[in-house]
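**Student:** Got a structure for you, questions after.
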Amino acid sequence: MDSQGENPPGLALGSSLDLPPALGTSAAVSPDNNLTAGVGPTVAGVLAFNCTSAIIFSPAGADLLRKNCRVIHGDVTIGPSNDNSTTQHINLDGVEVIEGSFWNYVVARRDELDDQPYFTLSSSTLTEVKGEVEFGRYPTKLQNLTLPNLKTVNISFEVGWWADDLTYLDVSSLESVSRFVLGAANLTTFRHKSLRNAKTVGLYPTQIDSLDLVSDSRLNLTNVGFQGPFPNLKNINIGFAYAKLCSIDANASLTLGGPSATNMTIGTLSLGGGVSDIKRSTELESISVDKLSLASSISIPHLEVPFDNLRDLTLEQNYETHPVKDITLPPQAVNWTGGFRLRISDAPELNLTSIYRTDDQNNRVQTWYWPTNISSIWISGANISNEFFDPFVAQQNSSLDSIPPPSVLDSFWVLPSANSTGFKCAPFNELSYKGRLPTSKYDFLCSNSTKSSGSAFIRTPSSLHLAGVALGAAMWMA
């Protein structure tokens, strides 16, 4: 083979790429070429690869690469294909490390792939990609991706929603990746154990029926987001050491605590999208959540809060759906630290008339335990009564040196729904006068509620609030 003549069949010179090359760019080569790769000088008539960035155009090109390069010192790009076969298999057995990124070439629209074959891609030897693994951020006809021994991806692993032909994904051994995103809409088979080192994990609509992606107790995450629907996923099981934000928007129940997780801490746990239940794994020893945020789209009629510590409970049902009927706070809520904030907005079906409820055996059981350290109460549009607030009022009336002492609140707003009967603001007005509740008209608002015999609803602002409004008007006029 003459190194000074033409490139050998299936080989053309190439250069390192920062992005997957787009069809028609300078990175594309003649139809006769199967591979664009860095090529070194020949020795005794044998071509020597220097294994820099490569573009694979066909199975034959993949063969050249895998048989000559154990380590790729750059990127590996799949496509565009110069083979018009119906389906082709790209086999990269032999490649162990890609020091750049591993991805499909860029096209702007799905119809640009009309003349491209479907393909499968595999490597049983690849263990590390130091850049990104990215298939499906741009349209691709990838059907099967099998990388069973891939353990580490330094930057991100993303199989995006443009990989809509992908039905099988095997990354069984993947343990470490900074960012993991999976969103192939027709994916039915997903082989994976669990991540041990990650920062961001995102799951978007797929057809998979099980998921243990974030179940390792060593994970310290910045962001976890599951955005459904997941028609075949009935329960989402998550367990990790820490997550700053965990957002579940899915038509499934949620179980907190994976097989190896014993202690969990979550900054904000946000639920929506038809989440039907929150359960706590029996193996979970403790769980602390700073904020639990519940959207209108949840499907939980009887909300049981299963946390050892919670600082903020926010329920905002601002749309036509109002599924929550009652809320249970556990006995340990009495000792929740940090200043509990309760915010409930537009929950006409929610019953907050008592801290007790009658169970299935007709027994009266306590289901709401007031935290003794409260910093804010904001309730609007729920069915409430004075009885529900009795323990809170008693604590606020206790002496300042009592244990626990009265809470220090920065805001207190209570506006009952039309279903509320006989709620009176007098006890709260007295607490405000005593300085045990806020006194500013901006931070204190309480409305009496009554129902007439004709069931017409009358909401009467408290006298303290009216006095504050009058004072504010007088100051404005002055």
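The values are calculated or read from the model by the stated rules, or taken from the named source; none is laboratory data. Remember, it's a predicted structure, so these values are computed and weren't measured experimentally. Note that we place each Cβ from the backbone using ideal geometry, even for glycine, and neighbour counts take in every protein chain shown. Remember, those area values only see protein heavy atoms, side chains included, never the ligands or the DNA or RNA. Shrake-Rupley method; radii C 1.70, N 1.55, O 1.52, S 1.80 Å.
**Student:** Tell me which residues, restricted to the range 393-407, are surrounded by 13 or more Cβ atoms within 10 Å (Cβ to Cβ) and among the aliphatic types (A, V, I, L, M).
**Tutor:** First, pick out the residues of the range 393-407 that are surrounded by 13 or more Cβ atoms within 10 Å (Cβ to Cβ): 393, 395-398, 405-407.
Result: V393, single match.
**Student:** Here is a further query. Of all residues in the range 80-103, which are more than 23 Å from Y168 (Cβ to Cβ), surrounded by fewer than 20 Cβ atoms within 10 Å (Cβ to Cβ) and not β-branched (V, I, T)?
**Tutor:** N82, N84, E99
**Student:** Would you say S281 is buried (at least 16 other Cβ atoms within 10 Å of the Cβ) and at pLDDT below 95? Break it down stepwise before answering.
**Tutor:** Values: buried (at least 16 other Cβ atoms within 10 Å of the Cβ): yes; at pLDDT below 95: yes.
It is true that S281 is buried (at least 16 other Cβ atoms within 10 Å of the Cβ) and at pLDDT below 95.
Residue-wise test of (1) open to solvent by less than 20 Å² (accessible area, probe 1.4 Å); (2) touching a residue at least 12 places away in the same chain (Cβ under 8 Å); (3) closer than 18 Å to L271 by Cβ; (4) among the hydroxyl-bearing types (S, T, Y).
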{"position": "R191", "(1), (2), (3), (4)": "no, yes, no, no"}
{"position": "S194", "(1), (2), (3), (4)": "no, yes, no, yes"}
{"position": "I208", "(1), (2), (3), (4)": "yes, yes, no, no"}
{"position": "D212", "(1), (2), (3), (4)": "no, yes, no, no"}
{"position": "D216", "(1), (2), (3), (4)": "yes, yes, no, no"}
{"position": "Q227", "(1), (2), (3), (4)": "no, yes, yes, no"}
{"position": "Y242", "(1), (2), (3), (4)": "no, yes, no, yes"}
{"position": "S253", "(1), (2), (3), (4)": "yes, yes, yes, yes"}
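**Student:** Consider F307 against the criteria (1) out of contact with any strand residue (DSSP E or B) (no Cβ under 8 Å at 6 or more places or on another chain); (2) under 22 Å from R357 (Cβ atoms): it satisfies all of them except one. Which criterion is unmet?
**Tutor:** It fails just one condition, (1).
**Student:** Suppose we filter R343, R364 for residues that are open to solvent by 70 Å² or more (accessible area, probe 1.4 Å), in contact with a strand residue (DSSP E or B) (Cβ under 9 Å, 6 or more places away or on another chain) and free of Cβ contacts under 8 Å to residues at least 12 places away in the same chain; which single one remains?
**Tutor:** After applying the criteria, what remains is R364.
**Student:** A further question on this structure: Working only within the range 147-167, note down all residues that are open to solvent by less than 30 Å² (accessible area, probe 1.4 Å), touching a Leu at 6+ places or on another chain (Cβ under 7 Å) and in a loop (DSSP other than H, G, I, E, B).
**Tutor:** Once the filter is applied, which keeps residues that are open to solvent by less than 30 Å² (accessible area, probe 1.4 Å), touching a Leu at 6+ places or on another chain (Cβ under 7 Å) and in a loop (DSSP other than H, G, I, E, B), the range 147-167 yields L147, L150, A163, L166.
**Student:** I'm trying to understand the selection: among the residues of the range 168-188, which are within 19 Å of N149 (Cα to Cα) and either part of a loop (DSSP other than H, G, I, E, B) or acidic (D, E) (or both)?
**Tutor:** Going residue by residue through the range 168-188, those that are within 19 Å of N149 (Cα to Cα) are 168-182.
D170, V171, S172, S173, L174, E175 - these are the residues of the range 168-188 that are within 19 Å of N149 (Cα to Cα) and either part of a loop (DSSP other than H, G, I, E, B) or acidic (D, E) (or both).
**Student:** Provide a single number: the residues in the range 378-392 that are in contact with a helix residue (DSSP H, G or I) (Cβ under 8 Å, 6 or more places away or on another chain) and either in a strand (DSSP E or B) or open to solvent by 20 Å² or more (accessible area, probe 1.4 Å) (or both). Let's see the steps before the verdict.
**Tutor:** As a first pass, look at the range 378-392 and keep what is in contact with a helix residue (DSSP H, G or I) (Cβ under 8 Å, 6 or more places away or on another chain): 386, 389.
If we keep only those that are either in a strand (DSSP E or B) or open to solvent by 20 Å² or more (accessible area, probe 1.4 Å) (or both) as well, we get 386.
Number of matching residues: 1.
**Student:** Answer with yes or no whether N144 is surrounded by fewer than 19 Cβ atoms within 10 Å (Cβ to Cβ) and either farther than 19 Å from L213 by Cα or out of contact with any Ser or Thr (no Cβ under 8 Å at 6 or more places or on another chain) (or both).
**Tutor:** yes
**Student:** Taking the range 104-134 as the search range and keeping residues that are assigned to a loop (DSSP other than H, G, I, E, B) and closer than 20 Å to V153 by Cβ, which one is most open to solvent (accessible area, probe 1.4 Å)? Can you show your working first?
**Tutor:** Step one: filter the range 104-134 for residues assigned to a loop (DSSP other than H, G, I, E, B), giving 105, 107-109, 114-117, 123-127, 130-131.
Those still in the list that are closer than 20 Å to V153 by Cβ too: 105, 123-127, 130-131.
Values: Y105: 13, S123: 3, S124: 57, T125: 44, L126: 3, T127: 56, K130: 81, G131: 6 Å².
The qualifying residue most open to solvent (accessible area, probe 1.4 Å) is K130.
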